[in-house]
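Each reported figure results from applying straightforward, stated rules to the coordinates on display, with no laboratory input. Predicted model only: the values in this text are computed from it and were never measured. Ideal geometry is used to build each Cβ from the backbone, glycine not excepted, and the neighbour counts take in all protein chains shown.
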Amino acid sequence: MKTDPSQDISTSLRNSLYLVVALSMIFMTLVLATQPLFLKGLGLGRDNAGFVNANIQVITELVDLLFVGYLGYLSDRFGRIPIMYYGFVLSAITAAITPFCLEIGLFLGISGVAVFYAARIVMSIGSTAVWPQLGTLTGDYTTQKNRPMLLAKVGFMTAFGATLVYAVLMQLPKYIGLTMVMMISVATAVAGAWLSRHFLTERAIPIKQEKFPFAKVMALLRQDRDLRLSFLAAFSSRNDMVIIGLFLMTWFIYFADLLPHVSHAQAAGQAGIVIGFIGFIILISLPFWGWLIQNVGRVESLTLGMVLSGAGFTGMGLIINPFSWWTFLPALFVGLGQAGCLLAPQTLALDISPPDMRGSVMGAFNTVGCIGIVFFIQIGGFLFDLLSPTSPFIFTGLANFVIMAYGLWVLRAGSRDGLKEEALARIGSRSARDTDLEL
């Protein structure tokens, strides 16, 4: 059923969207969170733990690069929901066989780690069909006026899913075993597929364009410095929680080898508490960020988010023992900054995207984010092994400060954000796209 995107969505449709967002984040976060512990069980040593864990993530992101932009274009042609449904199904099937990588490897005569590589790649393709469409679907359900608050609520469910994984689910391996915990991801993917198919409503009007509108997207990017800022923020900050989830978990697990009476499962649980704390800070601060973006400005909020995130990540470099309570101080700033970096760039990009090519623009936006993950994770893996476990965090923090500086330049040069708001107030019912053309 197709309806006018400008109409308010029903409470049941809104709640269904929130639940699907939470399920998708639980799935993706749980896959990432269990990876270091699972590979440790396969016999991966400390000497190359950073490289292997980072390399798996980099390979999956490189594969995602081949699909994320084109899937955004396909969502403009065929709708967001069918792509999400099949993505969930593919993810569920692959997640179900992942805990048995060692047995499959023995049967095939190859390394269990190699089987895990293959499984993670296929699983990541499924995830790539889901999470970008959820962001675009949120844009379909909103107008520029109400978008920040709805995106804040979607971001709340995103943070809730990640927090639930680290604060609760990653405490379970020591009680029920890692295999049972990994099977929870299968259940979440199946639930996500069912809910997407039966409870979400398509709002996008299909287009007939038979190829990705690359030239139009690039022209829009060249013309609008606010959009360039949002893309740069995606490049720098979309990897932040991946960096935290991967390297902080890995740091805790291998640091446990230096401590008596601390098992790897206990270390993973302690890391989960710290990461869960970051997620909790994101949760409670997202309403503030939604208000700030709506009332102060997109660019101002994005820049502030980069300041706080950069301070938190560089502060991690001062930590010697991750089990120390001092770890929670930089984690606080990471959480505060990440909430802004999660919400502001996406809001800004959705505002500027013309409705008839929103999926394509957001596909390009997410492609840039994937490139950022590849860049930061690959370099972070080398830094983790060659310098110190805190090096990936310092490198990420410094990059966030660079984007902050560009945001300040955009503000000084004169962001178009305020002009858009004034124009929308004047002409009322016109779409954001018409406003952009008039400006």
Note down the nm distance, to one decimal, between modelled labels 7 Å out along Cα→Cβ at L386 and at I110.
2.9
Comparing S237, S263, S91, which has the greatest mean-square fluctuation in the GNM of the chain with Cα pairs linked when under 10 Å apart?
S263
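Within 14 Å, Cβ to Cβ, of F88, how many net charges do the neighbouring residues add up to if Lys/Arg are +1 and Asp/Glu are -1?
Values: positive: R80, R197; negative: none.
Net of charged neighbours comes to +2.
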Can you give me the Rg/Rh ratio for the chain, using Cα atoms for both radii and the Kirkwood formula for Rh?
0.96
Is any helix in the chain, taking whole DSSP H runs, at least 18 angstrom long along its axis by alpha carbon and on average at least 0.5 on the Kyte-Doolittle scale, and which ones?
11-41, 49-78, 80-97, 112-128, 147-167, 178-199, 264-295, 298-315, 328-352, 358-386, 391-413
Which whole-angstrom value gives the distance between the alpha carbon centres of the range 286-305 and the range 16-34?
25
Might you report the magnitude of the Cβ-based charge dipole of the chain about its Cα centre, with Lys and Arg at +1 and Asp and Glu at -1, to the nearest 20 debye?
460
Mean ellipticity per residue at 222 nm, deg cm²/dmol - from DSSP H runs of n ≥ 4 across the chain, formula -39500 (n - 2.57)
-26000 deg cm²/dmol
Please work out the C-alpha center-to-center distance from the range 104-145 to the range 340-371 and express it in whole Å.
19
Would you work out which of L44, G87, L74 lies farthest towards the positive end of the dipole of the range 7-87, given +1 charges on the beta-carbon of Lys and Arg and -1 on that of Asp and Glu, about the Cα centre?
L44
Could you tell me, in Å, what Rg and Dmax come out for the Cα atoms of the range 50-133?
14.2, 43
Treat every Asp and Glu Cβ in the range 221-339 as -1 and every Lys and Arg Cβ as +1, leave all other atoms uncharged, and give the resulting dipole magnitude about the Cα centre to the nearest 20 debye.
260
